[in-house]
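Report on the following structure.
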Amino acid sequence: MRPEPGGCCCRRPMRANGCVKNGEVRNGYLKSSTATIAAASQIHHVTENGGLYKRPFNEAFEETPMLVAVLTYVGYGVLTLFGYLRDFLRHWRIEKCHHATEREEQKDFVSLYQDFENFYTRNLYMRIRDNWNRPICSVPGAKVDIMERKSHDYNWSFKYTGNIIKGVINMGSYNYLGFARNTGSCQEAAAEVLKEYGAGVCSTRQEIGNLDKHEELEKLVARFLGVEAAMTYGMGFATNSMNIPALVGKGCLILSDELNHASLVLGARLSGATIRIFKHNNMQSLEKLLKDAIVYGQPRTRRPWKKILILVEGIYSMEGSIVRLPEVIALKKKYKAYLYLDEAHSIGALGPSGRGVVDYFGLDPEDVDVMMGTFTKSFGASGGYIGGKKELIDYLRTHSHSAVYATSMSPPVMEQIITSMKCIMGQDGTSLGKECIQQLAENTRYFRRRLKEMGFIIYGNEDSPVVPLMLYMPAKIGAFGREMLKRNIGVVVVGFPATPIIESRARFCLSAAHTKEILDTALKEIDEVGDLLQLKYSRHRLVPLLDRPFDETTYEETED
């Protein structure tokens, strides 16, 4: 759920006493008034929400300034008008047409390329296409090497210059714990397994592609998650899109968060189940849908739903928000629904022992019916997993398309996961895993705090390593990415249709591999580009409180 026009930036309704449920203060920041400081214990009590929360839960989603919103819409309007003009010129062959079109002899056929639907791609996306698909020629660690390329036809095609841009600070990869590297125990173990098993399996798990490494990995994943059993897959996206249809079908109801990942959306659509959307992280919206589902049942027949499945993510990769899992579990138990939790971004990155959002909130893994996650982020590998009851895993082994038809996971990839997971669990005899988890948490809080102090609008939870910095205007999407690369900083910029049309952003992903010096360098350049492009929209700048001991989470709010 995004802020209502004119509303506060928090995603919870205000109470009569001015507090927000779950202890969120307006804009997510503590005010410096004496009364507020004196009421700190009361705010924390509200945060616990009747015992559901064992720690403060602070998220900030500052409202888009009205002038910025208007100018953003105007910008897209101008681009759209020029797009129609250029389409007119292409139609009459005044301007050369680069995009895919039907051949002359196919003009009477049904359109193959959905010409109007590609309007955005050819007229808006192409203007800033140079910010995506940049070829990397190194390990995606704290710094990367990028192959330089140029375009002489306004981004319709690229030519490589042969130059390599060395030492670009990597602020875009999901390398949360820093295990994506070509040295150390993970690399050595993967190299040994590559010698012994080779690179591929060339078969499915049900045929002759079930290695002892697969069995070892699945037992380790189950132990790591604290569940009875687990199953692994070669692709994270397919773990969602192919397993959800195996769990629900016609006559079932899926309640999906409005900001769920495309893999969850695709899986829900493929299942044939009825889908209803609730507002992002809004428990009132979810409970209303649950109540209606119980009271009214299926449309027309009014029969009870066969199953009700709630789909949520641990960390939402575009918002930087963390799911309100204690409340979701409470509602799931109250209305006898099933819960499917996607921990793609949260596993390894959250919790004192890196076991994800369940560990972060101190909850029982048995309260989550289906625990899904990927190995592509914190473990520096590829693939995904499903964890839960043994009956669930046994069922998926025979009913999941991803298990029956997909080729088995590569042995070196499995060894990368096994070694990194044992490191996180401390089973390698070192404290490296714990240190990486702590370093990521420190980097996250430091980076978010500094950006807020500079005056940027930052979305998400204070503990989320996904940090969206709001750009808004379409022209600033490409400008920000290019200016940062000029300063040897690699960033990810995101715009419509991946985000709402007025909420374009840059998305930073923090890593335990980032040192304070690297972060300070990146912050200095971000500050400079923010001034250059006038991106400091926030009206709630943060400064350390002076009347109490300083720590990284204590600030006062000042109106500009």
* Which is hydrophobic (A, V, I, L, M, F, W, C), assigned to a helix (DSSP H, G or I), under 23 Å from the mean Cα position of the chain (by Cα) and over 23 Å from Gly314 (Cα atoms), of Phe456, Phe447, Phe480? -> Phe480
* What tally of residues in the stretch 127-146 results from selecting those that are open to solvent by less than 50 Å² (accessible area, probe 1.4 Å) and assigned to a loop (DSSP other than H, G, I, E, B)? -> 6
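Among the candidates Leu331, Leu396, which residue alone is of a type in the set (A, V, I, L, M, F, W, C), more than 22 Å from Glu228 (Cα to Cα) and in a helix (DSSP H, G or I)?
Numbers: Leu396 fails: more than 22 Å from Glu228 (Cα to Cα).
Residue meeting the stated conditions: Leu331.
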* Structure fact -> Across (1) under 21 Å from Asn260 (Cβ atoms); (2) surrounded by fewer than 16 Cβ atoms within 10 Å (Cβ to Cβ), Ser378 clears everything bar (2)
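State yes or no: is Val413 touching a Ser or Thr at 6+ places or on another chain (Cβ under 8 Å), within 24 Å of Tyr233 (Cβ to Cβ), open to solvent by 10 Å² or more (accessible area, probe 1.4 Å) and at pLDDT below 95? Give the derivation first.
Values: touching a Ser or Thr at 6+ places or on another chain (Cβ under 8 Å): yes; within 24 Å of Tyr233 (Cβ to Cβ): yes; open to solvent by 10 Å² or more (accessible area, probe 1.4 Å): yes; at pLDDT below 95: no.
Considered against the rule, which asks whether it is touching a Ser or Thr at 6+ places or on another chain (Cβ under 8 Å), within 24 Å of Tyr233 (Cβ to Cβ), open to solvent by 10 Å² or more (accessible area, probe 1.4 Å) and at pLDDT below 95, Val413 comes out as no.
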* To do: Tell me, yes or no, whether the stretch 326-341 has at least one residue that is open to solvent by less than 10 Å² (accessible area, probe 1.4 Å), closer than 27 Å to Thr232 by Cβ and out of contact with any helix residue (DSSP H, G or I) (no Cβ under 9 Å at 6 or more places or on another chain).
  => no
* **Breaking point among (1) in a loop (DSSP other than H, G, I, E, B); (2) outside the structural domain of Arg487 (by the TED database), for Glu105** => (1)
* To do: Confirm whether Ile310 is crowded, with 20+ Cβ neighbours inside 10 Å and in contact with a strand residue (DSSP E or B) (Cβ under 7 Å, 6 or more places away or on another chain).
  => yes
* To do: Among the residues of the stretch 51-61, write down those that are assigned to a loop (DSSP other than H, G, I, E, B) and open to solvent by less than 10 Å² (accessible area, probe 1.4 Å).
  => Tyr53, Phe57, Phe61
* To do: Select from the stretch 519-536 the residues that are more than 11 Å from Gly455 (Cα to Cα), of a type in the set (Asp, Glu) and in contact (Cβ under 8 Å) with a residue 40 or more places away in the chain and list them in ascending order.
  => Glu525, Glu528
* To do: Tell me, yes or no, whether the stretch 391-410 has at least one residue that is open to solvent by less than 10 Å² (accessible area, probe 1.4 Å), at pLDDT 95 or above and of a type outside the set (A, V, I, L, M, F, W, C).
  => no
* Enumeration of residues in the stretch 186-200 that are open to solvent by 30 Å² or more (accessible area, probe 1.4 Å) and part of a loop (DSSP other than H, G, I, E, B) -> Ala199, Gly200
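Give the residue, chosen from Ser263, Ser285, that is assigned to a helix (DSSP H, G or I), modelled with pLDDT of 95 or more and in contact with a Lys or Arg (Cβ under 7 Å, 6 or more places away or on another chain).
Details: Ser263 fails: in contact with a Lys or Arg (Cβ under 7 Å, 6 or more places away or on another chain).
Unique residue meeting the criteria: Ser285.
One residue is enough: does the stretch 268-283 have a residue meeting the conditions in contact with a Cys (Cβ under 9 Å, 6 or more places away or on another chain) and open to solvent by 40 Å² or more (accessible area, probe 1.4 Å)?
Looking through the stretch 268-283, at least one residue is in contact with a Cys (Cβ under 9 Å, 6 or more places away or on another chain) and open to solvent by 40 Å² or more (accessible area, probe 1.4 Å).
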* Asked: Take the residues of the stretch 161-185 that are touching a residue at least 24 places away in the same chain (Cβ under 8 Å) and more than 28 Å from Lys434 (Cβ to Cβ): which is least open to solvent (accessible area, probe 1.4 Å)?
  -> Val168
* To do: May I ask you to list the residues in the stretch 81-95 that are open to solvent by 100 Å² or more (accessible area, probe 1.4 Å) and under 13 Å from Met126 (Cβ atoms)?
  => Phe82
* Asked: How many residues, within the stretch 201-220, are crowded, with 20+ Cβ neighbours inside 10 Å and modelled with pLDDT of 95 or more?
  -> 2
* For Leu259, indicate whether it is surrounded by 17 or more Cβ atoms within 10 Å (Cβ to Cβ), out of contact with any Pro (no Cβ under 8 Å at 6 or more places or on another chain) and without any contact (Cβ under 8 Å) to a residue 60 or more places away in the chain. => no
* Among the residues of the stretch 221-237, which ones are in a helix (DSSP H, G or I), surrounded by fewer than 20 Cβ atoms within 10 Å (Cβ to Cβ) and within 20 Å of the chain's Cα centre (by Cα)? -> Phe237
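The values are calculated or read from the model by the stated rules, or taken from the named source; none is laboratory data. Everything numeric in this text was worked out from a predicted model, so none of it was measured. For neighbour counting, all protein chains shown are included, and Cβ atoms are generated from backbone atoms with ideal geometry for every residue, glycine included. Remember, those area values only see protein heavy atoms, side chains included, never the ligands or the DNA or RNA. Shrake-Rupley method; radii C 1.70, N 1.55, O 1.52, S 1.80 Å.
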